[in-house]
Structure formats: C-alpha cells, structure tokens
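Here it is, the structure, as structure tokens.
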Amino acid sequence: GKGIIEFRKGIRGIEEEIESATSPTDEATSYNEPDDDPQEATAPKFGSLVVAVSPPDAEARIVGGPPAAESLLKTLRVEPAGSAERRYHLPMGNYRVHVTCDGYADADRKVSLTENALRISVELARQ
C-alpha cells in the first residue's frame, strides 16, 4: 500500500513539474492549485485481493481490470514466498487470475474487485 501512495505522489510531482515548466513564470508563481482538484476525485478506488494457491509454489498472474490498473499490472511481480497466499492491492474492477505451475494444468478465475476484500482459492490439478 505504501509504495502505491509514494508512486502516486511521484506522478503528481512530475505532473506539477511539467505544468510549471510549460506555463509562463509569472503565472506559475501566482497560481495556487486548490487542494480538492478534480483529478483527485476521479482517482480509482482500490480493493484487496488474496489468492491462495495450491501447490504453494504456483505462480499467480493478474490480467485485465480498469485502465488505471494497466501500468500497475505490467510491473507487478509477486514471487512465491513459501506461503500459498498472494496479496494484491488493485484498482476496483474485473480481473482474471491466471495460475500456473510446472507439472500442473493451468487455471483461470474471473474476479470482480470491490471495496470489500476478496479471497479466492485456486487448486491446480496434476497433469
């Protein structure tokens, strides 16, 4: 959760730098952005997803979701940590959880992420 907040702050900082670099200097110093800017109101809401996998070393990949999740999912890497549970904090929306493991048949589950935490279990069948 903390990394996402820092990431958002980083993006906001870049946007502010671009805005100040592209506006005339006298306007940039006199213009104060209101605290409740409209961009904040359209920020996606997040939900929690816990995927319990069997076998524990299976790899779970999250696909889909709203446009806000696209760049996040491209960089999202959750390595098996000796535990069967993988925890995600993603923008609310519809996703597909794709679970794979060598020697097992792949499995897909469709999930709809809301403000309520969602927990699913995926057990792979041996091939």
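Read-outs: derived from the displayed coordinates by stated rules, not from any lab. Since we're looking at a predicted model, the values are computed, not measured. Heads up, the Cβs are rebuilt from the backbone with ideal geometry, glycines too, and the neighbour counts pull from every protein chain shown.
Starting from 0.36 nm per residue, how many nanometres of slack lie between residue 89 and residue 110 once their C-alpha separation is accounted for?
Here the answer is 5.9 nm.
What spacing in nm lies between the two simple spin-label points modelled at residue 120 and residue 68, each 7 Å away from Cα in the Cβ direction?
Going by the 7 Å Cα→Cβ label model, 2.0 nm.
For segment 109-125, what does the Karplus curve 6.51 cos²θ - 1.76 cosθ + 1.60, with θ = phi - 60°, yield as ³J(HN,Hα) per residue in whole Hz, taken in order and with x for Gly and Pro?
10, 8, 10, 10, 8, 10, 5, 7, 5, 10, 10, 10, 10, 10, 10, 8, 8
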